[in-house]
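For reference, the structure discussed in these notes is given below.
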Amino acid sequence: MHEWSLAQGLVASLHSFAEREGLRRITLVEVSVGELMELDVPVFRDAFETLTRGGPADSAELRIVEEPARFRCRRCGAEWTFAEVEEQIHRGVPEDLMVREPGGELESPLHIFPDLVPAFVRCPRCGGRDFEVLAGRDMRVSRLEGER
Amino acid sequence: MDSAPEGLDPLVSLLGERLGRIGEVILVGSGKGGVGKSLVSSSLALALSDGGSRVGLLDLDLHGPAAARLMGVSGPLESWRGGVRPVESMGVEVMSLALAVGDLPVPVSGEGKGRLTLALMALTDWGDLDYLVVDLPPGTGDEVMIPVRHVESARALAVTTPSSLARDAVRRLLVLFRDQGVDILGIVENQAYVDCGGEVVSPLGRSFAEELAAEFGTRVLARIPLDPAIGRAVDEGIHPLRRSGALADAVGAVAGEVLGRR
Ligand SMILES: [Zn+2]
């Protein structure tokens, strides 16, 4: 549900970029989105469209590229993908820590704070929690096109 | 124009939008744990709120979220379109990552702590606030640098105790504040003395607060005594500000300084 906040941050950053660089119009925005964020893409697109209306990024094409998540254990050296810990990510969060949404649905705190992953996930090989997220954790603007 | 843009971070921009709705940010730090920083930050938030201000308290201490605990808040978090909602307690809006992870350990690298701190600051939907009191974690790592870097015109309070260890830690933090251009509101000395029926003794040792204040061109705003009522209140789950008159007087002086500097 925080897709609207993320879109608000993205649009605010586009507006300040357009002003700084003297862009009249932004025509394409490519965003790299970490798999670990489990972004609700339709909600995010909807928010982006609404929030860009009337500004320099109005009607810009929004391209969303998912960056696969990869992890590496600092204890045993194992590397793994999202799919290998998906079960832990979706079922490893205790019920009383699941974030409440307005409609009564529950969402994982990892959806909002992907960097908390070592609190809820353990290395599939050694069971340790001391691991790195090598990729696929956050949102970045990877490409912009516009007109001066 | 067609490029991979530099310096474009949605969370930093979002944080900027949030801060636009907050009157003033007060950073409360001590450089080390165990000196009563969370007692001071949560008491200040309560005192400002009691005085009629709209106040938020952000506990950034990932490993020992004592300010959130003193405020008696617990999870789970609630989210909506506007972000993650703080939890209201005694009139203060409180946010802490403890609300997301409970008692689980969070073995995150320094860089990860920095990103979590930025995400927590950017995604929390405070709405309109007069004051946001930020309880800084110990040290001078990424999780301290994020608020120092991204909150322009923040003011800082330094909390210490009469001990050379506490002095050395808080001095490092004060140097950082000074060099990063953070305005230092003043110094609060905790566990400063004991009032034995009118006779004042200092069981912890010599006070360094005045020396620090002189070095950094600031003032000692309050000295909080060792008061058994503080520990008793914590054990009973009541905020110590409601039980210790000496604490209330000391924090009242700090709140007065904060209000006077608007
Ligand atoms: Zn391992």
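The values are calculated or read from the model by the stated rules, or taken from the named source; none is laboratory data. From a predicted model like this one, the values you see are computed outputs, not experimental measurements. Cβ atoms come from the backbone with ideal geometry, glycine included; neighbour counts cover every protein chain shown. To get the accessible areas, we keep the full protein, side chains included, count just its heavy atoms, and leave off ligands, DNA and RNA. Shrake-Rupley method; radii C 1.70, N 1.55, O 1.52, S 1.80 Å.
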For B:ASP183 and B:GLU111, extending 7 Å from Cα along the Cα-Cβ vector and measuring point to point gives, in nm, a value of 3.6 nm
Row for the stretch B:33-110, column shape: gyration tensor on C-alpha, a ≥ b ≥ c, rounded if a/c < 1.5 i.e. under 1.5, prolate if a/b over b/c, else oblate; value oblate
With +1 on the Cβ of every Lys and Arg and -1 on the Cβ of every Asp and Glu, the dipole magnitude of the stretch A:32-148 about its Cα centre, in debye rounded to the nearest 20, is 580 debye
To the nearest 10 degrees, the tilt of helix A:41-52 (Cα long axis) against the first principal axis of the alpha carbons of chain A is 30 degrees
Sequence order, the stretch A:109-114: Karplus ³J(HN,Hα) from phi using 6.51 cos²θ - 1.76 cosθ + 1.60, θ = phi - 60°, Hz rounded, Gly and Pro as x, gives x, 5, 4, 8, 10, x
Row for the stretch A:1-64, column shape: gyration tensor on C-alpha, a ≥ b ≥ c, rounded if a/c < 1.5 i.e. under 1.5, prolate if a/b over b/c, else oblate; value prolate
Probe 1.4 Å, all chains present, heavy atoms only: A:ARG74 accessible area in Å², nearest 10, is 110 Å²
Length-normalised contact order of the stretch B:175-259, Cα under 8 Å, at least 6 apart, in percent, tallies to 28 percent
Here the Cα Rg-to-2.2 N^0.38 Å ratio for the stretch B:6-260 is 0.96
Stokes-Einstein D for the stretch A:2-147 (25 °C, 0.890 mPa s, Kirkwood Rh from Cα pairs), in µm²/s, comes to 146 µm²/s
Long-range amide H partners of B:GLY31, meaning residues 5 or more apart or on another chain whose placed amide H is closer than 5 Å, are B:GLY139
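With a cut-off of 8 Å between alpha carbons and a minimum separation of six or more residues, what is the relative contact order of the stretch A:2-147 in percent?
Reported relative contact order: 36 percent.
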From the Cα centre of the stretch B:107-152 to that of the stretch B:196-234, the distance in Å is 28 Å
Of the convex hull drawn through the C-alpha atoms of the stretch B:130-262, the volume per residue in Å³ is 130 Å³
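Report the antiparallel proportion of the DSSP beta bridges in chain B as a percent, rounded to a multiple of 5. Walk me through the intermediate numbers first.
On the way: 9 of 38 bridges.
Of the beta bridges lying entirely in chain B, close to 25 percent run antiparallel.
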Ranking B:GLY75, B:PRO86, B:GLY217 by how far each Cα lies towards the positive end of the charge dipole of chain B (+1 on Lys and Arg Cβ, -1 on Asp and Glu Cβ), the top one is B:GLY217
Long-range alpha-carbon pairs in the protein assembly as shown, meaning those over 30 Å apart, account in percent for 45 percent
CD proxy, 222 nm, chain B: helix-only mean residue ellipticity via -39,500 (n - 2.57) per DSSP H run with n ≥ 4, per residue, nearest 500, stands at -12000 deg cm²/dmol
When every protein chain stays in place and a 1.4 Å probe is rolled, B:HIS63, B:HIS150 sorted by accessible area with the largest first are B:HIS63, B:HIS150
So for R0 = 51 Å, FRET eff. of A:LEU28-B:CYS196 from the Cβ-Cβ r, to 0.05, ends up at 0.10
DSSP beta bridges in the protein assembly as shown: the antiparallel percent, rounded to 5, is 45 percent
Once normalised by the length of chain B, the mean sequence separation of its alpha carbon contacts under 8 Å that are 6 or more apart gives a contact order in percent of 23 percent
Calc'd 3J(HN,Hα), the stretch B:61-68, phi into Karplus 6.51 cos²θ - 1.76 cosθ + 1.60 (θ = phi - 60°), Hz, glycine/Pro = x, comes to 7, 5, 9, x, x, 6, 5, 4
Taking GluC sites (Glu not before Pro) as exposed when in a DSSP loop with at most 15 other Cβ atoms inside 10 Å, chain B has its longest clean stretch at B:7-151
The helix A:82-91 Cα axis meets the longest alpha-carbon principal axis of chain A at an angle in degrees, between 0 and 90 and rounded to 10, of 80 degrees
Of all DSSP beta bridges with both partners in the stretch A:2-147, the antiparallel percent, nearest 5, is 70 percent
